[in-house]
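Student: Okay, handing you the structure first.
The values are calculated or read from the model by the stated rules, or taken from the named source; none is laboratory data. From a predicted model like this one, the values you see are computed outputs, not experimental measurements. In this analysis, Cβ positions are derived from the backbone assuming ideal geometry, glycine residues included, and neighbour counts consider all displayed protein chains. SASA here: full protein model, heavy atoms, side chains in, ligands and nucleic acids out. Shrake-Rupley method; radii C 1.70, N 1.55, O 1.52, S 1.80 Å.
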Amino acid sequence: GWSSYIMSKLPDCKWAQRNDKILFTINIPNLDPNKTTINVTETSFTFKSEDHELSLDFFGTVDPKQSSWKVGARDVAFVFMRKEVGDYWDTLHKGKKIHTLKVDWDKWKDEDEARDGDLDMSGFDKFDFGGAGAGGFDSDDEDEDDGPIEGLDGKKEEEEEDGEKAASNTE
């Protein structure tokens, strides 16, 4: 019947880019994050809310861990950090054309005029994929191998902090 049509229509959305990130906005007012499912992998993005559904196959690769989002009164903004800084993507989505996807000319900057710091990133939160949604993001181990010194320092500090807490509790 009718309801299945209403359930999942494509949201109006728009995108812009820099050489290191993709700016993506879905025009849904007052989104309830608790009733929204979002999954970001290196090559895809899926979004499902009460009324809308969207999936993208990225033209390039992004870093899900570094990506973030912000729910606003009028829309939901996403920033997908690219794995590699480089040439602009030809398109956001390499699958079948999404007729509701437009270029966000307000945020668009050509490659030669884009500057760092022209984006206000306040209020953006990293995706919290919890245990269930985080399948496949096991790049932590690789990161630690790159810089064993950093890893050790971090661990030492944590232990000291815990020690202090423990000491103050026993007084």
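Student: Hey, can you tell me all the residues within the range 44-65 that are within 9 Å of the chain's Cα centre (by Cα) and open to solvent by 30 Å² or more (accessible area, probe 1.4 Å)?
Tutor: Correct list: ASP63, LYS65.
Student: Any idea which of (1) closer than 19 Å to ASN27 by Cα; (2) open to solvent by 80 Å² or more (accessible area, probe 1.4 Å); (3) at pLDDT below 95 is the one MET121 doesn't satisfy?
Tutor: Tallying (1) closer than 19 Å to ASN27 by Cα; (2) open to solvent by 80 Å² or more (accessible area, probe 1.4 Å); (3) at pLDDT below 95, MET121 fails exactly one: (2).
Student: Considering only residues that are touching a Phe, Trp or Tyr at 6+ places or on another chain (Cβ under 7 Å) and open to solvent by 50 Å² or more (accessible area, probe 1.4 Å), which ones fall in the range 66-90?
Tutor: LYS70, ASP90 - these are the residues of the range 66-90 that are touching a Phe, Trp or Tyr at 6+ places or on another chain (Cβ under 7 Å) and open to solvent by 50 Å² or more (accessible area, probe 1.4 Å).
Student: Something else: Here are the criteria: (1) open to solvent by less than 30 Å² (accessible area, probe 1.4 Å); (2) aliphatic (A, V, I, L, M); (3) assigned to a strand (DSSP E or B). Tell me which single one ILE98 does not satisfy.
Tutor: Going through the list (1) open to solvent by less than 30 Å² (accessible area, probe 1.4 Å); (2) aliphatic (A, V, I, L, M); (3) assigned to a strand (DSSP E or B), ILE98 breaks only (3).
Student: Is it true that TRP105 is open to solvent by less than 100 Å² (accessible area, probe 1.4 Å), on the phi < 0 side of the Ramachandran plot, modelled with pLDDT of 90 or more and not charged (D, E, K, R)?
Tutor: Working: open to solvent by less than 100 Å² (accessible area, probe 1.4 Å): no; on the phi < 0 side of the Ramachandran plot: yes; modelled with pLDDT of 90 or more: yes; not charged (D, E, K, R): yes.
The answer is no for TRP105.
Student: Only one of (1) open to solvent by 50 Å² or more (accessible area, probe 1.4 Å); (2) assigned to a loop (DSSP other than H, G, I, E, B); (3) of a type outside the set (Ser, Thr, Tyr) fails for PRO11. Which number is that?
Tutor: (1)
Student: Go through the residues of the range 68-76 one by one and say whether even a single one is over 21 Å from LYS35 (Cα atoms) and either touching a Gly at 6+ places or on another chain (Cβ under 9 Å) or of a type in the set (D, E, K, R) (or both).
Tutor: Looking through the range 68-76, none of the residues is over 21 Å from LYS35 (Cα atoms) and either touching a Gly at 6+ places or on another chain (Cβ under 9 Å) or of a type in the set (D, E, K, R) (or both).
Student: Just checking, which of THR100, THR43 is among the polar types (S, T, N, Q), closer than 22 Å to LYS126 by Cβ and at pLDDT 95 or above? Full working, then the answer.
Tutor: On the way: THR100 fails: closer than 22 Å to LYS126 by Cβ.
Checking each option against the conditions leaves just THR43.
Student: Here is a further query. What single numbered condition from (1) part of a loop (DSSP other than H, G, I, E, B); (2) touching a helix residue (DSSP H, G or I) at 6+ places or on another chain (Cβ under 7 Å); (3) polar (S, T, N, Q) fails to hold for THR91?
Tutor: Here THR91 clears every test but (2).
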